[in-house]
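Presented below is the structure to which this report refers.
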Amino acid sequence: MTGWEVGSDYRNDAVSLGATYFRYRIKDMIATYRITSAMGAPQPVLSLCSSSAAAPNLTNCGGSANYYTNDQNGESHGVELDGSWRIAPSLKLGAYFTYTHTYLTSEASSITTPLHVQLVGIPEKTGSLDATWNPTDRITMYGQMFYAGPMYLDETTTHGTNYGQGGNVIYNASASYALNDNLDLSASMTNIFGKKYSENAYAVTQPWSRTLSMPRTFFVSATVKY
């Protein structure tokens, strides 16, 4: 991978701002190789997908199979913005936004992933707003609103059709209390409202390969300092 980036930062006692533009060229990128015929399929694919050793087929995989090759090149470019503002001694606000365009520029003849189209599993836009509040010296409370924009999930099952999902907003929160100089207690909740969305690409004809986001999750911890 080769590339470059340029950025600038500004900071003072209350405000912090940052901006970066990046561009990378990536060789030997991994891409999905989709086949609809058992003829010429690698043995590992036949072992998984064929219902007959005498007459190879892809029946166990729904008549088609996806596997991977790294015989393609691509590019990625985008912008990263971040900032924070301490509006009071006990309250700090933060935000960031990222735009990332990642796509293949060339590929092996067997690859069906479209060129110059955002790759699956990578939202072009993500962002976050957060706040940190210290009502006392020992208490820290944090809240975050995270946004993951629309992204493609499958670009190869149906030629010319890109399957995807819409954007999602996720809320997270945490609180910690310094019981004394040696012991901190904390609790946090991820995905407070139990939003369900995909975090990975998957073939729409193979829904069992789909990975959902972390559900509403609650953590409690204690940290001892020696």
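Count neighbours as other Cβ atoms within 10 Å of each site's Cβ, and list the trypsin sites (Lys or Arg not before Pro) in the range 1-92 that are DSSP loop with at most 13 such neighbours. Intermediate results must be reported in sequence, preceding the final value.
Details: sites: Arg11, Arg23, Arg25, Lys27, Arg34, Arg86, Lys92; in loops: Lys27.
Answer in residue order: Lys27.
Given H placed 1.01 Å from N in the peptide plane, which residues other than close sequence neighbours of Ala203 have an amide H under 5 Å from its amide H?
none
Got a sec? What order do Phe219, Phe97, Phe22, Phe146 fall in by accessible area at 1.4 Å, biggest, i.e. largest, first?
Details: Phe219 105, Phe97 80, Phe22 15, Phe146 50 Å².
Largest accessible area first, the list is Phe219, Phe97, Phe146, Phe22.
Could you state the orientation-averaged shadow area of the convex hull built on the Cα atoms of the range 105-193, in nm² to one decimal?
Numbers: hull surface 36.6 nm².
Averaging across all directions leaves 9.2 nm² for the Cα convex hull.
Read phi for every residue in the range 2-10 and hand back ³J(HN,Hα) as whole Hz from Karplus 6.51 cos²θ - 1.76 cosθ + 1.60, θ = phi - 60°, with x for Gly and Pro.
Once θ is set to phi - 60°, the couplings for the range 2-10 become 10, x, 8, 8, 9, x, 8, 10, 9 Hz.
When the scattering of the range 1-79 is computed by the Debye formula from its Cα atoms alone, each counted once and equally, what is log10 I(q)/I(0) at q = 0.16, 0.24 Å⁻¹?
The computed values of log10 I(q)/I(0) come out as -0.71, -1.01.
Can you list the equivalent-ellipsoid semi-axes of the range 143-226, largest first and in whole Å, using the square root of 5 times each Cα gyration tensor eigenvalue?
On the way: eigenvalues 298, 32, 17 Å².
Working through the eigenvalues yields semi-axes of 39, 13, 9 Å.
Hey, what's the per residue convex hull volume over the C-alpha atoms of the range 67-144, in cubic angstrom? Don't skip to the end; give the middle numbers.
Details: hull volume 9.1 nm³, N = 78.
It is 117 Å³ per residue.
Roughly to the nearest percent, how much of the accessible area of the chain is carbon and sulfur, given a 1.4 Å probe?
On the way: 7910 of 13730 Å².
Carbon with sulfur: 58 percent of the solvent-accessible area.
If packing is taken as the average number of other Cβ atoms within 10 Å across a peptide's residues, how do 151-157, 178-184 rank, most packed first? Don't jump to the answer; show the numbers that get you there.
Numbers: 151-157: 21.0, 178-184: 11.6.
Listed from highest to lowest mean packing, they are 151-157, 178-184.
Report the relative contact order of the chain, percent, no decimals, based on alpha-carbon pairs under 8 angstrom and at least 6 residues apart. Display every interim value, and only then the final one.
Working: 543 pairs, mean separation 29.7, N = 226.
Relative contact order comes out at 13 percent.
Evaluate Rg over Rh across the chain, taking Cα atoms for both radii and Kirkwood's formula for Rh. Please list the in-between numbers first.
On the way: Rg = 23.2 Å, Rh = 21.2 Å.
Over the Cα atoms of the chain, Rg/Rh equals 1.10.
Mind checking which lysines have their C-alpha under 30 Å from Lys195, skipping anything on the same chain fewer than 8 residues away?
Cα-Cα hits under 30 Å: Lys92, Lys125.
Taking θ = phi - 60°, what integer Hz values does the Karplus form 6.51 cos²θ - 1.76 cosθ + 1.60 yield along the range 141-152, in sequence order, with x for Gly and Pro?
Couplings: 10, 9, x, 9, 10, 10, 10, 10, x, x, 8, 7 Hz.
Do the sum for the chain: with -39,500 (n - 2.57) for every DSSP H run of n ≥ 4, divided by all residues, what is the mean residue ellipticity at 222 nm, to the nearest 500 deg cm²/dmol? Please report the intermediate quantities before stating the final value.
Values: 1 runs with 7 residues, N = 226.
Calculated at 222 nm, the ellipticity per residue is -1000 deg cm²/dmol.
Any chance you could check the Cα centroid distance between the range 186-201 and the range 44-82 for me, in angstrom?
One Cα centre to the other: 28 Å.
Rounded to the nearest 0.05, what FRET efficiency do Ala175 and Tyr21 give with R0 = 41 Å and r taken as the Cβ-Cβ distance? Could you check? Mind showing how you got there, number by number?
Working: r = 37 Å, r/R0 = 0.89.
So, using R0 = 41 Å, E works out to roughly 0.65.
Sequence gap at least 6, Cα distance under 8 Å: using those rules, report the relative contact order of the range 145-226 to the nearest whole percent. It would help to have the intermediate numbers written out before the result.
Details: 160 pairs, mean separation 23.1, N = 82.
RCO, the range 145-226: 28 percent.
Let me check I've understood the local charge: for Ser213, count other residues with C-beta under 13 angstrom from its C-beta, Lys and Arg +1, Asp and Glu -1. What total comes out? Intermediate results must be reported in sequence, preceding the final value.
Numbers: positive: Lys195, Lys196, Arg210, Arg216; negative: Glu199.
My count for the surroundings of Ser213 gives +3.
The values are calculated or read from the model by the stated rules, or taken from the named source; none is laboratory data. Note that this is a predicted model, so its numbers are computed, not measured. No Cβ is skipped: glycine too gets one built from the backbone with ideal geometry, and neighbour counts run over all protein chains shown. For accessibility, only protein heavy atoms count, side chains too; no ligands or nucleic acids. Shrake-Rupley method; radii C 1.70, N 1.55, O 1.52, S 1.80 Å.
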